[in-house]
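Scroll down for the structure; my scribbles are underneath it.
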Amino acid sequence: MQIELLKEEEAALLKNLIGQSDKIVICCHQNPDGDALGSSLALAEYLKQYGKTPTIAVPDAYPDFLQWLPESQTIVRYDKHKETVEDALANAELVFCLDFNRADRLGGDMSPLLTASPAKKVMIDHHPEPDIDTVLCVSHPELSSACEVLFRVIWQMGGFEEMTKKEAVQIYCGMMTDTGGFTFNSSRPEIFFIISQLLTKGFDKDKIYRNVFNNYSEWRMRLMGYVLYQKMRVFQDHHASYFTISRQDFKRFHFIKGDAEGLVNLPLQIKGLRLSISLREDSEKDNLVWVSLRSVGNFPCNKIAEKYFNGGGHLNASGGRLYCSLEEAERIAEKAIAESDNL
């Protein structure tokens, strides 16, 4: 099966960039998820084949249920180690941008550091409309995840034979999480060819599933029940729903990073629903609401994210943010749902 993505000259360029660079930084987006972390960690493992020791710099905390990922202890968080990340980006020769398409996806504090870095930049991503000044942009929005893009690149570069079990686990985790356990955006046969190859490295894919999806606290389960019973609003006429999570909810249910992960998918289990919207109040900043959107079939939640929530993303999985109160965010969500029939 042909899964290569790069032109011959692009593959040669990438090999030369890696070979000629000693100070390498790997970045991923704010609020890192399984795909962002998996691709970053796996790329770092791959670069070790070249004798490199890259710095993985992420803007902030990642979910508790991803702490088990191999080598996650090597990740440097900008919100905790600002000087380390600032120095790394300022002195870098090569920066890899994984799982994000614009510098502002790093957040307001870290994005200027990426833009100002004198390093050559390489993007490996699957989000539409890439907008970073790069010497090599490997962007494929039609693919399932940044981890899938990365695997294809590593495969084409001849790195699969030396791929470690850790590297395979990291890539598989990213592909699994960005497809909801292979339940959306995952019908192409190439995906399962890649999985079959990864499994030759000898890891337990069922254990990875349990580590991610069956690794929550008691309070996460109580939050889930509360959201579905008390906070979810369903608009049957528009085949849509939304729910909110407030700071008060955080305190009541002892919220930790990652406890809201996947909740936005649950309303789509209701017969006939095609759109689900999550509105989550920021735990620290006033008038900041994080928005997640999911849809099914050909319904374009990314268009709703762009039009109403200052965001974007994929056909069935998108995100955005609103700079307003949670109450105002609800009114915007209601307007978006009311007008969604016109898409």
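The values are calculated or read from the model by the stated rules, or taken from the named source; none is laboratory data. Just so we're clear, the structure is a prediction, and the values are computed from it rather than from any experiment. Every residue, glycine among them, receives a Cβ derived from its backbone with ideal geometry; neighbour counts consider all protein chains shown. Accessible surface is based on the protein model in full, side chains and every heavy atom, while ligands, DNA and RNA are left aside. Shrake-Rupley method; radii C 1.70, N 1.55, O 1.52, S 1.80 Å.
Some points to look at:
- Among the numbered conditions (1) open to solvent by less than 20 Å² (accessible area, probe 1.4 Å); (2) over 30 Å from LEU98 (Cα atoms); (3) free of Cβ contacts under 8 Å to residues at least 60 places away in the same chain, the only one that ALA240 does not meet is (3).
- With respect to the conditions (1) at pLDDT 95 or above; (2) more than 24 Å from the chain's Cα centre (by Cα); (3) of a type outside the set (Lys, Arg); (4) surrounded by 14 or more Cβ atoms within 10 Å (Cβ to Cβ), VAL289 falls short on a single one, namely (2).
- Listed by first and then second residue, the pairs with beta-carbon distance under 7 Å, at least 6 apart or on different chains, first residue in the stretch 40-61 and in contact (Cβ under 8 Å) with a residue 12 or more places away in the chain and closer than 26 Å to ILE256 by Cβ, second open to solvent by less than 30 Å² (accessible area, probe 1.4 Å) and among the polar types (S, T, N, Q), are LEU41/SER72; LEU41/GLN170; ALA42/GLN170; ILE56/SER40.
- One residue from LEU268, LEU279 being assigned to a strand (DSSP E or B), modelled with pLDDT of 95 or more, surrounded by 16 or more Cβ atoms within 10 Å (Cβ to Cβ) and in contact with a Leu (Cβ under 9 Å, 6 or more places away or on another chain): LEU279
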